[in-house]
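Notes follow the structure.
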């Protein structure tokens with residue numbers, strides 16, 4: 001049964017630097033941490049379209065943090081609250097806070113990049129899900145960051161229907177904080193190819209058939225020793241609304 005976002009109250013912990021981070025849980029069983037994308041939040045990415053419910057139905061305890069600067073997590077504006085790899089450190093702090101040892105880990109878009117950064121810095125999940133992400137979005141973060149910096153510093157100026165206008169419209173639906181989100185861009189860190197070579201876990205790389213926003217998902221799967229590519233309908237913005245995404249993640253995790 002699908003659980004709506006309003007039915008789960010957030011819980012909170014203080015991260016490595018004292019910033020308050022929110023998370024929600026759904027289901028019981030084996031833990032899996034799922035991290036949402038940029039401009040989004042747990043409710044929009046995982047709950048609204050039933051993905052968390054699909055995974056929980058397979059016997060999982062789905063743990064879903066709101067990234068720093070997003071959702072119900074703190075949204076400080078000072079630069080000191082957004083050091084390089086802050087999102088990775090938040091994720092590792094959550095895993096430690098919950099005492100997770102045997103668990104799975106994944107994310108969508110920025111959540112996928114954060115997952116890779118966690119893997120490169122000592123996270124040891126059994127299985128990994130990288131969705132809405134391509135190879136370039138992992139190894140070269142500047143280009144995607146530049147796109148969002150342009151949107152956030154020129155709000156209200158884009159032609160209706162343009163890619164930038166649609167991105168700004170999504171920002172409004174999630175009630176994002178533009179200043180905090182600009183700071184989040186400063187946390188991005190590239191992951192070198194040799195670090196990808198060291199990821200030994202089975203990895204599902206799932207992306208929309210028309211999604212090339214972060215480079216090639218097929219190339220990302222090929223770059224990972226245990227990578228497996230699965231295509232779902234849609235582009236970067238629409239794939240996350242399709243039930244096929246949640247079903248693909250649930251099917252991979254239950255193996």
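Worth pointing out:
- Screening residue 254 with (1) at pLDDT below 95; (2) under 17 Å from the mean Cα position of the chain (by Cα) gives one miss only, at (2).
- Any hit, segment 48-61, residues being touching a strand residue (DSSP E or B) at 6+ places or on another chain (Cβ under 7 Å), surrounded by fewer than 23 Cβ atoms within 10 Å (Cβ to Cβ), under 23 Å from residue 86 (Cβ atoms) and touching a residue at least 60 places away in the same chain (Cβ under 8 Å): no
- For residue 37, the test of being in contact with a strand residue (DSSP E or B) (Cβ under 8 Å, 6 or more places away or on another chain) and more than 22 Å from residue 167 (Cα to Cα) is failed.
- Exclusive hit being more than 25 Å from residue 245 (Cα to Cα) and in contact with a helix residue (DSSP H, G or I) (Cβ under 8 Å, 6 or more places away or on another chain), set 167, 174, 187: 187
- Residue among 72, 66, 85 that alone is crowded, with 24+ Cβ neighbours inside 10 Å, within 21 Å of residue 183 (Cα to Cα), within 17 Å of the chain's Cα centre (by Cα) and modelled with pLDDT of 95 or more: 66
- Across segment 122-173, the number of residues qualifying as part of a helix (DSSP H, G or I) and more than 17 Å from the chain's Cα centre (by Cα) comes to 17.
- Selection from segment 24-38 of residues that are closer than 16 Å to residue 72 by Cβ, surrounded by fewer than 22 Cβ atoms within 10 Å (Cβ to Cβ) and touching a helix residue (DSSP H, G or I) at 6+ places or on another chain (Cβ under 7 Å): 26
- Restricting 79, 123 to those that are more than 20 Å from residue 11 (Cβ to Cβ) and in contact (Cβ under 8 Å) with a residue 40 or more places away in the chain reduces the list to 79.
- Exactly one residue among 106, 69, 111 is touching a helix residue (DSSP H, G or I) at 6+ places or on another chain (Cβ under 8 Å), under 25 Å from residue 195 (Cβ atoms), in a helix (DSSP H, G or I) and touching a residue at least 24 places away in the same chain (Cβ under 8 Å), and that residue is 111.
- In segment 26-44, the residues that are in a strand (DSSP E or B) and farther than 24 Å from residue 239 by Cβ: 30, 31
- Taken over segment 190-225, the criterion of being closer than 15 Å to residue 120 by Cβ, assigned to a loop (DSSP other than H, G, I, E, B) and over 16 Å from the mean Cα position of the chain (by Cα) is satisfied by 192, 198, 199, 200, 201, 224, 225.
- Unmet requirement for residue 237, which otherwise passes all of (1) under 16 Å from the mean Cα position of the chain (by Cα); (2) under 19 Å from residue 40 (Cβ atoms); (3) modelled with pLDDT of 95 or more: (3)
The values are calculated or read from the model by the stated rules, or taken from the named source; none is laboratory data. None of these values were measured; they are calculated from a predicted model. Every residue, glycine among them, receives a Cβ derived from its backbone with ideal geometry; neighbour counts consider all protein chains shown.
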